[in-house]
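One structure is given below, encoded as structure tokens.
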Amino acid sequence: MSDQSSGGGFFVTLATFLIAITLSQFPLGGSLQWFRPDFTLLVLFFWLIWAPSRVGLVYAFFIGLLLDLTRGSVLGLGAFSLTLVAFIAQLLHSRLRVFPMLQQSFVLMLLVGLNQLIYFWMQSLVGNSADTLLFLIPALSSALVWPAVFITLRRLARSLDLN
């Protein structure tokens, strides 16, 4: 692979993360905000199983920091939770690549749920506690949206020869 395609791959993956962060910050009215999939984690999950040599723990940490900045939360909370989930996904990488879409969705639902639990648990440690378990709903909506995200990003990655 040439240096030019490697640099282009960096910008493409970064652009997909920026689009995901933008989608995660797009305003939704009322109770619809609870049903928003965790687009950032969906994109991270895709790149971790599609191109694990390109996206790893350091990428997850810095994307988590960027997510913390856009959320206005305590710096490092999202970075820690995304890095931990990315570590688990990397451990399961060889299995996740061969899982059918339904099994990938189930594993993704568990990982998003874990991410949400860690994030909201750490938020409660700094004094911002949630009174309800509605924060776990994005795990289900992320699992439902996963096939569309996977197919879209796979087409992009294949068209640009990003492995």
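None of the figures in this text is laboratory data; all of them are computed from the coordinates on show. Predicted model only: the values in this text are computed from it and were never measured. Every residue, glycine as well, gets a Cβ built from its backbone with ideal geometry; the counts of neighbours run over all protein chains shown.
Counting Lys and Arg as +1 and Asp and Glu as -1, each charge on the Cβ, what is the dipole of the chain about the Cα centre in debye, to the nearest 20?
360
Highest GNM mean-square fluctuation, the chain, Cα pairs closer than 10 Å: which of Val43, Val58, Val126?
Between Val43, Val58, Val126, it is Val126 that shows the largest mean-square fluctuation.
Can you give the convex hull volume of the alpha carbon atoms of the range 3-159 per residue, in Å³?
Working: hull volume 17.1 nm³, N = 157.
Taking the convex hull of the Cα positions in the range 3-159, it is 109 Å³ per residue.
Anyone know which of Thr70, Thr13, Thr132 comes out most mobile in the 10 Å Cα GNM of the chain?
Thr132
So, in Å, what gap is there between the alpha-carbon centers of the range 55-88 and the range 102-154?
When both Cα centres are located, 14 Å separates them.
So how do Met101, Met122 line up by other beta-carbon neighbours within 10 Å, fewest first?
Going from least to most buried by this count: Met101, Met122.
What net charge do the residues around Gln103 carry, taking every other residue with its C-beta under 15 Å from that of Gln103, with Lys and Arg at +1 and Asp and Glu at -1? Don't skip to the end; give the middle numbers.
Values: positive: Arg95, Arg97; negative: none.
Local charge sum for Gln103: +2.
Which Cα, out of Phe45, Val112, Phe61, lies furthest along the positive dipole direction of the chain (beta carbon charges, K/R +1, D/E -1)?
It is Phe45.
Just going by the charge dipole of the range 3-159, with Lys and Arg at +1 and Asp and Glu at -1 on Cβ, which of Gly127, Leu102, Phe80 is farthest out on the positive end?
Farthest towards the positive end: Leu102.
So which DSSP H runs in the chain come out at 27 Å plus along the axis (Cα) with average Kyte-Doolittle of at least 1.0?
On the way: long enough: 3-25 (33 Å, 0.89); 101-125 (36 Å, 1.16); 137-159 (33 Å, 0.95).
Answer set is 101-125.
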